[in-house]
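The values are calculated or read from the model by the stated rules, or taken from the named source; none is laboratory data. Bear in mind that the values here come from a model prediction, so they are computed numbers and not experimental data. Please note: Cβ atoms are built from the backbone with ideal geometry, for glycine as well, and neighbour counts cover all protein chains shown. Areas reflect the complete protein model, heavy atoms only, side chains present, ligands, DNA and RNA absent. Shrake-Rupley method; radii C 1.70, N 1.55, O 1.52, S 1.80 Å.
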Amino acid sequence: MQKTNVSTFLWFHKDLDKAIDFYQKTFPTFVKKEFNQFPDFATATFEISGQNFVALQQASDQMPKFNDAISVAVQVDGQEEVDRIWGAITENGEEIACGWCRDQFGLTWQITPFQLHEFLGHPDPEIASYAMQEMRKMKKIIIADLHK
């Protein structure tokens, strides 16, 4: 008997193959499990840092496109990794706010350093409040700016 698992399902209207290549280059923990191309659609399964994804490419005016109501949250360690992933995603995508950005395929990502949560959850309410105020001014999270 197989165990139950949960995957995030993503509907791409085009360029699934390009998205798979991009994610593989951007995330060192990326594992492509399968990719199937058919005449009018494609499917893929992959994993990023242990999170399972199922993707479908099929152009349809009936189906909604990606929007900010759903995003992929990526927690990283340190400014260097924030900068690397943020740069890759926004190069042909766009910056949003508070660590959120959108890739060239329309998928929204949250790129946040573990250190952000240390400041936001700090036992000193002044430190936590300051970090929250500073974070709300940012697009890409800059760890050094989260504290005085």
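Values as computed for the structure displayed
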| item | result |
| --- | --- |
| Top positive-direction residue, dipole computed over region 97-148 with Cβ charges, set Trp109, Ala144, Pro125 | Trp109 |
| Those residues of region 2-42 whose amide nitrogen sits under 12 Å from the label point placed on Ser49, 7 Å along Cα→Cβ | 27-30 |
| Approximate spin-label separation Lys32-Ser60, in nm, with each point projected 7 Å along Cα-to-Cβ | 2.5 |
| Per-pair calculated FRET efficiency, R0 = 41 Å: Asp40 and Phe114 via Cβ, rounded to 0.05 | 0.45 |
| Cα-centred dipole magnitude for the chain, charges only on beta-carbon of K, R (+1) and D, E (-1), debye, nearest 20 | 240 |
| Sulfur and carbon atoms: percent of accessible area, region 32-83 [1.4 Å] | 49 |
| Alpha carbon centroid spacing (whole Å) that separates region 45-110 from region 118-148 | 23 |
| Amide hydrogen neighbours beyond the local backbone of Met138, cut-off 5 Å, H modeled | Cys98 |
| Surface per residue (accessible, 1.4 Å probe) for the chain, Å² | 62 |
| Most to least accessible of Ser49, Ser129 (protein chains only, probe 1.4 Å) | Ser49, Ser129 |
| Cα point-scatterer Debye curve for region 1-54, base-10 log of I(q)/I(0) at q = 0.13, 0.14, 0.28 Å⁻¹ | -0.33, -0.38, -1.22 |
| Hydrodynamic radius by Kirkwood, which averages 1/r over all alpha carbon pairs of the chain, in angstrom | 16.8 |
| Non-local Lys pairs in the chain, i.e. 8 or more apart or on different chains, that have alpha carbons under 20 Å apart | 12 |
